[in-house]
Every structure is written in C-alpha cells, then in structure tokens.
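Working notes for the structure below.
The values are calculated or read from the model by the stated rules, or taken from the named source; none is laboratory data. Bear in mind the structure is a predicted one, so any value in this text is a computation, not a measurement. FYI the Cβ positions are ideal-geometry reconstructions off the backbone, even for glycines, and counts take in every protein chain you see.
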C-alpha cells in the first residue's frame with residue numbers, strides 16, 4: 001500500500017506542476033505577485049523604510065518556486081523508487097532522469113500556453129532543485145539508518 005501511496009504522491013505533485021504551468025501568463029503572474037507582496041510586507045516589518053523592488057522580488061519568487069517544486073518532486077520520486085525496491089545509485093539516476101525529463105516536458109508544455117514560453121534556464125533551475133532534493137533525501141535516509149542501527 002505504501003508503494004501505491006508514494007507513487008500517487010508523485011503523480012499528484014506532477015499534476016500540480018502541470019496545472020501551474022497551464023496558467024496563462026497573466027494568471028501565473030497574479031499568483032506569484034500575490035506571494036511576492038506577502039513576502040515584501042513581511043520583510044518590511046523587519047526593515048521599515050526599506051525600498052523593495054517588487055518586480056525584482058517577483059522574479060526571485062518565480063525562480064525559487066521552480067527550484068522548490070522540483071526539489072519536492074525529486075524527494076517524492078526517489079522515495080517512491082525506494083519503496084518500489086529500487087536502491088542505491090540506480091534509484092538516484094532514475095529519479096534524476098525522470099525529474100529532468102519532466103522539467104523539459106514542462107517547459108515544452110509552456111510553449112503552448114498563451115503568454116508563456118519555455119526556458120532552458122528554468123530546466124537548469126528545476127534540475128538543481130531535483131539534485132538538492134535527491135541529495136537531501138539521501139543524506140537524511142543515511143542519518144536515520146545510522147541512528148536506527150546504533151539503537152539511538
């Protein structure tokens with residue numbers, strides 16, 4: 001059952017990414033601008049009087065969204081692979097391959113969405129997120145195994 005749930009989580013996360021990518025440019029920009037405004041208001045509490053460039057921050061928010069969405073996808077895919085009996089470097093290579101291919105397909109998908117476009121830069125950011133996610137999963141799983149093995 002855990003194998004089914006882990007793969008369901010992968011496909012649900014991919015569906016979320018797909019739906020966010022399917023938003024027309026105006027809708028996508030409204031979402032990220034809303035998030036940016038919340039962040040800027042929060043930062044303004046710590047730096048009163050500071051002048052924040054909303055457009056610059058919005059760009060950073062959008063690129064970080066790519067990174068963290070794919071970081072999570074990397075974690076979900078490697079977890080699902082491990083629960084499916086795929087271990088070691090093989091699971092890392094397969095997870096990386098699946099996620100990078102999905103990132104490429106996501107950018108191709110955006111070519112067909114009004115006002116959007118596919119960007120190689122976004123695939124690179126997505127791939128970096130995947131790599132960090134897989135790395136985090138690997139490190140945490142090692143630490144958990146060491147603690148369990150030590151009886152801690």
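Just to verify a result, which residue in segment 117-127, among those that are surrounded by fewer than 16 Cβ atoms within 10 Å (Cβ to Cβ) and modelled with pLDDT of 95 or more, is nearest to residue 18 (Cα to Cα)?
Ranking the candidates gives 119 first.
Output the residues belonging to segment 128-152 that are in a helix (DSSP H, G or I), modelled with pLDDT under 90 and over 18 Å from residue 86 (Cα atoms).
Scanning segment 128-152 gives 144, 146, 147, 148, 149, 150.
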